[in-house]
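Structure, as structure tokens:
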């Protein structure tokens with residue numbers, strides 16, 4: 001199963017606070033925090049084909065452009081699933097995750113989701129009916145491994161077991 005990751009520059013390992021204006025970039029394979037996700041993805045037969053990312057300030061200044069380009073890049077790469085996040089409790093990054101996942105779902109045949117913590121309540125309320133948003137702890141909180149396992153269950157249900165998708169979404173998403 002081919003997976004695509006959408007990160008901010010911090011999770012991509014391209015400098016978060018030190019590089020907030022990092023332009024939209026695509027890298028083949030898994031980078032940054034993606035390495036932490038690999039063992040979980042392996043359990044469901046998932047392989048990260050690419051990681052897309054940009055800085056949060058760049059996103060704030062170019063929202064429409066970033067969302068359109070990430071959607072177009074996802075369409076070109078044609079993964080089975082796109083993971084936007086984990087956004088933790090970072091408001092701008094979580095909004096980017098939700099906007100990109102929603103655009104991918106609305107403009108392609110590709111399955112996608114966002115991940116963020118409950119501290120992003122305004123974003124969750126705005127996007128929860130448009131894209132699955134996997135529950136996760138805030139940065140430094142407990143339960144990250146569980147939320148990643150839940151993400152993998154959502155990916156597997158979306159791609160391989162659509163009959164289980166609603167049950168999984170009700171269990172692990174906002």
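Here, each number is a calculation from the coordinates, and none is a lab measurement. Here the structure is a predicted model, which is why all the values come from computation and not from measurement.
Relative to the 2.2 N^0.38 Å rule of thumb, region 83-164 has a C-alpha radius of gyration ratio of 1.03. For the chain, DSSP calls about 20 percent of its internal beta bridges antiparallel.
Can you classify the chain as rounded, prolate or oblate using the Cα gyration tensor, where a ≥ b ≥ c are the square roots of its eigenvalues, rounded means a/c under 1.5, and otherwise it's prolate if a/b beats b/c and oblate if not? Since a/c stays below 1.5, the shape of the chain is classed as rounded.
What the Cα atoms of region 122-170 give is an Rg and a Dmax of 11.8, 34 Å. May I ask you to derive the relative contact order of the chain, considering only C-alpha pairs under 8 Å and at least 6 residues apart, and to give it as an integer percent? Averaging sequence separation for qualifying contacts and normalising by length gives 20 percent for the chain. Per-residue ellipticity at 222 nm from helix content only, as computed over the chain with -39500 (n - 2.57) for each DSSP H run of at least four residues, stands at -14000 deg cm²/dmol. On full extension, the segment bounded by residue 121 and residue 17 gains 35.2 nm, given 0.36 nm per residue less the C-alpha separation. Considering only C-alpha atoms, what is the centroid distance from region 108-127 to region 5-62, in Å? Region 108-127 and region 5-62 have Cα centres separated by 17 Å.
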